[in-house]
Structures are given as structure tokens and as C-alpha cells.
There are 2 protein chains.
Amino acid sequence: MTGIRRIVITLGIALVFIASAIAQGADPLPSWSDGAAKQAIVAFVGEAATQNGPRYISPSARIAVFDNDGTLWAEKPLYFQLAFAIDRVKTLASEHPEWEQEEPFASLLKGDTKAVLAGGEAAILQIVMASHAGMTTDAFEGIVGDWLSSARHPKTGRLYNEMTYQPMVELLAYLRANAFKTYIVSGGGNAFMRPWVEKAYGIPPEQVIGSSIKTRFEVRDGRPVIVRLPEIAFINDKEGKPVNIDQVIGRRPVFAFGNSDGDLQMLQWTAAGEGARFMGLVHHTDGEREWAYDRASHVGRLDKALDEARKKGWTLVDMKNDWKRIFSSGQL
Amino acid sequence: MTGIRRIVITLGIALVFIASAIAQGADPLPSWSDGAAKQAIVAFVGEAATQNGPRYISPSARIAVFDNDGTLWAEKPLYFQLAFAIDRVKTLASEHPEWEQEEPFASLLKGDTKAVLAGGEAAILQIVMASHAGMTTDAFEGIVGDWLSSARHPKTGRLYNEMTYQPMVELLAYLRANAFKTYIVSGGGNAFMRPWVEKAYGIPPEQVIGSSIKTRFEVRDGRPVIVRLPEIAFINDKEGKPVNIDQVIGRRPVFAFGNSDGDLQMLQWTAAGEGARFMGLVHHTDGEREWAYDRASHVGRLDKALDEARKKGWTLVDMKNDWKRIFSSGQL
């Protein structure tokens, strides 16, 4: 027996021992109750990883996509990125005395969020552009990081990134342990998510697909920078999700998770591929530990996608009953 | 000693043996002559992988970006994607009798490529839209695959994807073996590249960043499809390269390779980051085995980037002297 051959055999034996130790190991989804949702997930992943099985998926095709707001972290009473934008406008107000007379800024600065939201998409867009554009990408990353390390959620008093969902963090890790590549596909901004999602979810920046504004390459004093412009590049919601998945990933996911009608087309696109697939929706049913909402909610409305999930047998996560614990930090 | 502990130690010892076998093993870049370019690459990669060394790069930051046309495969006498577009227009001509009277199609169908190119960007755009839009993404993938398996290069008589550069294929594999994530960042279309680059270069679809046209999600007879529209979404060239790298990858590469002025901003953006970085240019100097061109060429002009590379000490690959072999297939 040659030296190399002996090494390879030794390594092989060691790997078999380790694999069996892992297989017999701890529950990878300890925050999930042992209900239908957990069973569906574990069955799908187990079958996807079973070579020669009828529902085997080759590792390179194991693309899993997740919405963020309401799927991986909370989204009430307002999308957290909108809370960031509002805080940012308040911070910048001293440099913009004209905002005292100008809507939606005047209402925002008076603390009248309802009046701001009554301005609809146009008002929100103005706030987003005032808060998200005009600086370099490096500067924006710093601004987001500063906000996340200091701003507190109005109801829970926690840092916003302490309101990620522990069961979903476990699900992401479980998928990756089974060779799935996990992506975020969110209506939120890609530049808003990238500074913190790797630490929160284990998802690197290059696996974050979000809405975006246009940017421009410039050389300033001999140093190249990328500047954020006040113009929408892409709204990554509804039909935009499968479109952007196709443009950026270039292949169809086999696993998709959302929580609202904004995720319906992404789920449909995932479902329509060949072979084994998994479609899941987080249903916000826990008014005590989190929020309970679906068809009538303005933020995170779940109506058509709820009907389609029931009709097609997609996995519905009943937050109240399926999740032993909600948030990644704290006691809930 | 517990069972698990013994396994881990055995595994560790086995891995050390294997790593040292690999380190002493075959040259990972056999098609490269032992000149300055190869030495610069090997030194950079070795130092990047040396933990606690002054030029160590953490694995997650090892992002390497490569232009495609003229960097990973040939681009003469025409960008190969333009050859595809021209062939496609010829195939579709029987369905478009009006093209006999309409420029640039009339010249193209008469075989007068010069007259077509004299029409400039507008003419090329018309040809691209006629050949690249109007079908589903699935259908387009099939069309590209069919063309690549049958069309032949006018000078070499080879299939186009037999004209990839063997030294660059080796470089890509060498980088990946050292935990670099390799990306294509090309002016070519992402949907044109994705069907074949994984087999050719080992780069999966989700690591291909290219120019793109707009697409639309539709449900046809209950089945979701994505349809390619005759409208440019993004031109991934010059300033567009760092802009798109930032939008899609969300972090700055540490390694970049191009061959023309269209790659200059990507190289500048890579160079301007902190810590160790590598910037390289393929200089087409081999008129015998390939083509010799730089400052005066319309396709793949290398002028400003050549000056900047010399001024800044970026690595210039002299194709004639640095590459023992050019193409991945055949004898050259």
C-alpha cells in the first residue's frame, strides 16, 4: 500500500465516522415544534441529499431563496428599513431647513408617521432617496452600521437585528449544512442588508438580492468611489423577484420561503421547475409574542399567496404553534 | 481519548499529509512559462493564503473577477456573441421578409459585415435585439447551446468554446483551489455566457455578471415563464463593471484580470481597496498563434489601461512569451 493510498483510506474511514456522528447528533431545528412544517422541511432536505433517491438534488442545484422582511426578521409596525429612513431624515434635518415646509418631510419631523404614509409610495420614495442617496457606498455602509448598533424598536426596545427569527436562522444553517446555497431575495435594499446579514444569518453579501438605486463610478482626488444616486434601479418585489433571481443567479431555486403576496411570484417560479421543490410561507399568527396579521395588513399582506399555498399544498408555518421561540435574542 | 477526539486527530494528520502532498505536487499552471507574470500570480496567491502573513486575505474576501472576451477566450475578428447574433439573424430571416429592405439586416444578409459595423452601436443594438429578445429565458438557453455546438470560427474552424485560453482555465482552477471565488464580469450578455461557462471555466451561473436586457415574468397557460424583452437593462462595460460588481457582489474584489480599456475601471476599483491586491491584463502579442493587437484595435482596444498598468506596476501577460499554449483544445 502506498503512502498516499493509506492516507486516503484513513481519511475515508474518519469521514464515515464523522458523518454518522453528525447524523445521530443534535436536532438541527431545536426552535421548531415537531409539527407538519418541521417534518416537511426535514423530509425535503433529507430526500434532496439522498443520492440515487427519487428526490435527490445535485449540490450545485441546491439554491434556496428567502424573503427577508417578515420571513427572516420582523416587519412591524413598519418595515425596519423605513424606520431607518425616518431616523436618517431626522438626523439630516438640521442641514435641510427647507424640510420644515416641505412634505412629506414636514409631517415626518413633527412625528406624524400616519400623514407621511398617507402620501403613499411617492412620499416613501422621497424619504428613501433623501436618506439613501447622495453618499458613497462606503459611507452608506457606515451609516447603516451605526443605526443598527443604536436604534431601538419602538415596541420591544431591542436593537433591530435582535429581531431576527431564531427558527429561520436555524433553518438557514441546516440548509447550508446540507450543501444548499442560501440567498436573500427581498424588497429591501441590497445595500441596507449587506452590512449585517452575514453576521445575522450567515449569508454573505454576494448572496443578497434586493431592491437597488442607481450608482455611479467616479474618481475623486485620484481615488475611485461609487456614489449612490437618487434614482430607483430595480424594485425587487412581486414579479421583480423571479426576474431578479433569473438575472442575478441565472438558475431556478429549488427551495423558497416568503411570508406575503410580494413573494407569490418567487414561489410560483420555484414551484414550476422540474424535480423536487419546497415552497414555504411564514404565517404571522402570534399576536402575543410577535404580531398576528395576514389578509388585511398593509405591511406584509398575505392573501393571494395564502390561498395558493393552501390550494397547492405549500408549507404554511403557523408561527404560534410551529415556533417554540421567535427571536434570536431574548426570551420570546 | 474519546472516539470523536481520536477521529478528529486522525483526520487532522491525514489532512496535513494531503496538504503537503499537494504543495509538493504538480505545477498548477503548466501552460504558463516561468516568467514574471506567473511568478507574480504564484507569489500573490501564496501570500494571500499564508495565515498570519502580512498579505494574508481571509477566504471570504477572496473575490476574483475576470473579463471574458479577450481575457478568457478569443474575441477576433468579432466578439463571438456578435457572430452568434449574426448567425441568428440569418436563421430568422425567412420569418422576416422585411429585413431584405431594412438596414442593418439587409447588409448582414448580403454578407457585408463591414457595412453592418459601419452602422455603429445602433446597428449592433438592432441585431442584438432581433436575435436575443422575444423568447423565454429557457428557449434562449437552448438557442445558445445549439449554436455553440455547431457554429465554427471563421479562421480556426473550431467550435467557439474550444477557443478558451488554457492558461486562464488553469489560473481559475488554481485560484479556486486556494479558496478564491471566481467571477466573470464581462461586457457580454449574462444569458449568453451562463449556458457554457461552467463547463468551460468551472464558473457557475450565479458567478456570471454580464450585460443584460430587461425581462418580464408572465404566467402562460398556468405556467410561469420569464420573457426576454428588446430593451437594454445594463451595459456591463467600463464604469459599468465596478458599478455592477458593487450591485451584485456587494464587496470589492482583491483580484482582477482584463485585457482592454473596458476593464480599466474594474481594475482601478480593485486596486483602490485596502490590503493585498492583484491586477492583471492579457496583452495580445501573438499574431501567429492568436492575434496581435492593442492600441489601434476596434475590438478589445488596450490603450489607456496599458499605460496605467505600466505606471502602476500591474501584471502584464505577454501572450507570446508567457503562454506555452493558447487554447484549451487543439495543438496551439
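Between copies, how close do the residue B:77 label points come, placed 7 Å along Cα→Cβ, listed in nm from shortest?
With the label placed 7 Å along Cα→Cβ, residue B:77 yields 7.1 nm.
Where Rh is the Kirkwood radius over the Cα pairs of segment B:265-309, the temperature 20 °C and the viscosity 1.002 mPa s, what D in µm²/s does Stokes-Einstein return?
Rounded to a whole number, D works out at 179 µm²/s.
Which ³J(HN,Hα) values in Hz, rounded to whole numbers, follow from the phi angles of segment A:192-205 under the Karplus curve 6.51 cos²θ - 1.76 cosθ + 1.60, where θ = phi - 60° and Gly and Pro get x?
6, 7, 4, x, 10, 6, 5, 5, 6, 10, x, 9, x, x
Give the residue list of trypsin sites (Lys or Arg not before Pro) in segment A:102-160 that are DSSP loop and have at most 13 other beta-carbon atoms within 10 angstrom.
A:110, A:155
Using the alpha-carbon centroid of each, what span in Å lies between segment B:185-203 and segment B:107-162?
16
Could you work out the relative contact order of chain A? I mean the mean sequence separation of Cα pairs under 8 Å and 6+ apart, divided by the number of residues, in percent.
21
Out of the total accessible area of chain A (probe 1.4 Å, heavy atoms of protein only), what percent is carbon and sulfur?
53
Run the label-point distances for residue A:54 please: 7 Å along Cα to Cβ, every other copy, nanometres, shortest first.
Values, ascending and in nm: 6.3.
Among bridges DSSP assigns within chain B, what percent are antiparallel (round to 5)?
45
What does the charge count near residue A:319 come to, summing +1 for each Lys or Arg and -1 for each Asp or Glu among other residues with Cβ under 9 Å from its Cβ?
-2
Restricting things to alpha carbons, tell me how big chain B is in terms of Rg and Dmax, in Å.
Final numbers for Rg and Dmax: 22.0, 85 Å.
Out of A:120, B:60, A:253, whose Cα points farthest toward the positive end of the dipole of the protein assembly as shown (charges: +1 Lys, Arg; -1 Asp, Glu; placed on Cβ)?
B:60
Which pairs in the list A:241/B:241; A:214/B:238; B:114/B:304; B:38/B:76 are over 19 Å apart, alpha-carbon to alpha-carbon?
Beyond 19 Å between Cα atoms: A:241/B:241; B:114/B:304; B:38/B:76.
So how long is each side of segment A:199-320 along the principal axes, counting just the alpha-carbon atoms, biggest first, in Å?
Principal-axis extents of segment A:199-320 (Cα, largest first): 58, 39, 27 Å.
When the helix-only estimate is applied to the protein assembly as shown (DSSP H runs of n ≥ 4, each -39,500 (n - 2.57), divided by the residue count), what is the mean residue ellipticity at 222 nm, nearest 500 deg cm²/dmol?
-12500 deg cm²/dmol
Can you tell me the relative contact order of segment A:19-128? Whole percent, Cα pairs under 8 Å, sequence separation 6 or more.
12
Treating the angle as unsigned and between 0 and 90°, give the value, to the nearest 10°, between the Cα long axis of helix A:36-48 and the longest Cα principal axis of chain A.
On a 0 to 90 degree scale, this one is about 60.
On each of the three principal axes of the Cα atoms of the protein assembly as shown, give max minus min coordinate, whole Å, ordered largest first.
Computed over the protein assembly as shown, the largest-to-smallest principal extents equal 76, 73, 55 Å.
Please determine, in degrees from 0 to 90 and to the nearest 10, the orientation of helix B:137-148 with respect to the longest principal axis defined by the Cα atoms of chain B, where the helix direction is its Cα long axis.
90
Calculate, for chain A, the solvent-accessible area per residue in square angstrom, rolling a 1.4 angstrom probe over the heavy atoms of the protein chains.
Accessible area per residue, chain A: 44 Å².
Work out how far the C-alpha atoms of segment A:147-249 reach from end to end along every principal axis, then list the three figures in whole Å, largest first.
45, 36, 28
Where nothing but the Cβ of Lys and Arg (+1) and of Asp and Glu (-1) is charged, how large is the charge dipole of the protein assembly as shown around its Cα centre, in debye to the nearest 20?
2000
Taking the Cα centre as origin and putting +1 on Lys and Arg beta-carbons and -1 on Asp and Glu beta-carbons, what dipole magnitude results for segment A:233-332, to the nearest 20 debye?
With Lys and Arg at +1 and Asp and Glu at -1, about 200 debye.
Hand me the chymotrypsin sites (Phe, Trp or Tyr not before Pro) from segment B:46-131 located in a DSSP loop with no more than 16 other Cβ atoms within 10 Å, in residue order please.
Sites meeting the loop and neighbour criteria: B:56.
What does the convex hull of the alpha-carbon atoms of segment B:60-166 project to on average, in nm²?
Taking the Cα atoms of segment B:60-166, their convex hull projects to 8.9 nm² on average.
Taking Rh as the Kirkwood radius computed over C-alpha pairs, what is the Stokes-Einstein D of segment B:120-187 at 37 °C in a medium of viscosity 0.692 mPa s, expressed in µm² per second?
Translational diffusion coefficient: 218 µm²/s.
For the pairing of chain A with chain B, what total accessible surface becomes buried, with a 1.4 angstrom probe, in square angstrom to the nearest 100?
Result for this pair: about 3600 Å² buried.
Are there trypsin sites (Lys or Arg not before Pro) in segment A:248-306 that DSSP marks as loop and that have at most 13 other Cβ atoms within 10 Å, and which are they?
A:295
Using a simple charge model, +1 on the beta-carbon of Lys and Arg, -1 on the beta-carbon of Asp and Glu, nothing else, what dipole does segment B:112-270 show about its Cα centre, in debye to the nearest 20?
200
Which cross-chain or sequence-distant (5 or more) residues have an amide H under 5 Å from the amide H of residue A:229, H modelled 1.01 Å from N in plane?
Those qualifying (amide H under 5 Å, at least 5 residues apart or on another chain) are A:134, A:214, A:215, A:216.
How many Cβ atoms of partner chains, on average, are near each residue of A:245-258 if near means within 10 Å of its Cβ?
Mean shielding by partner chains, rounded to a whole number: 5.
I want to verify a result. In a Gaussian network model of chain B, Cα cutoff 10 Å, which of these has the top mean-square fluctuation: B:125, B:175, B:29?
Among B:125, B:175, B:29, the largest GNM mean-square fluctuation belongs to B:125.
Output the 0 to 90 degree angle, nearest 10, between the alpha-carbon long axis of helix B:120-132 and the longest principal axis computed from the alpha carbons of chain B.
Helix B:120-132 sits roughly 80 degrees off the main axis of chain B.
The values are calculated or read from the model by the stated rules, or taken from the named source; none is laboratory data. Predicted, not measured: the structure shown is a model, and the values here were computed from it. Quick reminder, even Gly has a Cβ in these numbers, built from the backbone with ideal geometry, and neighbours come from all protein chains shown. Ligands, DNA and RNA are stripped out before the accessible areas are found, and what is left, the full protein with its side chains, is counted by its heavy atoms. Shrake-Rupley method; radii C 1.70, N 1.55, O 1.52, S 1.80 Å.
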